[in-house]
Structure formats: structure tokens, C-alpha cells
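These notes are about the structure you will find just below.
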Amino acid sequence: QVQLVETGGGLVQPGGSLRLSCATSGRVFSIYGMGWYRQAPGKQRELVASITSGATTNYADSVKGRFTISRVNAKNTVYLQMNSLKPEDTTVYYCNSFPNVFANPDGMDYWGKGTLVTVSS
């Protein structure tokens, strides 16, 4: 069964940086596109960055030029480097496969616990 463990969140001042990590297990990581998603309270979860198995990246307009997604297949890990953080980036960040998220054995979408990013002075 797939497992996703997101780490690296925390409290940072506006303009600061954080690097998120997502360790995966239970799947052949290298064949999957991966994405970083975030979900603010009361809002739908949104995709902020994606990287294909061939390392092609794409970003939401709101983070373009500030966030960088990368992957190290040998470590089954995907990263999100976040620079020039803004208060509106505050929320929980999740990783998952892209474009289709991983599923549990019962067919329901699987999500890890996420990691909280708080941007505040």
C-alpha cells in the first residue's frame, strides 16, 4: 500500500523560504508523475506544482517563479522549494501522484497527513 510522508513545513516570515519533502513507498516511484497540492480552510485542494516521470514541471500561476518542484527517484522523494513566501501561501501542503492521485485498496483517494506552512510576521 502506498505511503506518503510530507515534512519540512513550519513558521516563516514573509519573503522567507522553506523546502518541503515527500517520501513515498509502496509504489514504483519513478514511473509516476508527482504533484504538490495545498488546501486552505474552506477551499478545494489545488495543485500548485507537478513534475512528470520525465521531469517536466508545471506550476500554478500563483506560485510560478517562486516555487520549484524536483524529484530524486533513487530516494523515492519529491521536493518543493518555496521562496519569496507570502501570507497567502499559508496552508497545509500535500504531495500525491499526478494527474491521478493514489488510491487506497478500497478505491478511495489516499492522502498523507500533509505538512503545515505558516507565513507570518
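The values are calculated or read from the model by the stated rules, or taken from the named source; none is laboratory data. Source: prediction; values computed, not measured. Backbone-built Cβ (ideal geometry, glycine too); neighbour counts: all protein chains shown. All accessible areas refer to the heavy atoms of the entire protein, side chains included, with ligands and DNA or RNA removed. Shrake-Rupley method; radii C 1.70, N 1.55, O 1.52, S 1.80 Å.
Give me the net charge for the shell around Arg27: Cβ to Cβ below 15 angstrom, other residues only, Lys and Arg +1, Asp and Glu -1.
Values: positive: Arg71, Lys75; negative: Asp109.
Once positives and negatives cancel, what remains is +1.
Rounded to whole Å and sorted largest first, list the principal axis extents of the Cα atoms in the chain.
42, 29, 22 Å, listed from the longest principal axis down.
Counting only protein heavy atoms, what percent of the accessible surface of the range 36-121 is carbon or sulfur at a 1.4 Å probe? Working shown, then result.
Values: 2270 of 4630 Å².
Roughly 49 percent, rounded to a whole number.
Taking every DSSP beta bridge with both residues inside the chain, roughly what % is antiparallel (nearest 5)? Numbers along the way, then the final one.
On the way: 36 of 39 bridges.
Of the beta bridges lying entirely in the chain, close to 90 percent run antiparallel.
Per residue, how many Å² of accessible area does the chain show with a 1.4 Å probe?
Working: 6390 Å² over 121 residues.
In whole numbers, the chain has 53 Å² accessible per residue.
With the contact rule set at Cα under 8 Å and sequence spacing of 6 or more, what percent relative contact order holds for the range 1-91?
The normalised contact order for the range 1-91 reaches 32 percent.
Assuming a strict under-22 Å limit between Cα atoms, what lysine pair count do you get for the chain once near-sequence pairs (fewer than 8 apart, same chain) are dropped?
So the count works out to 5.
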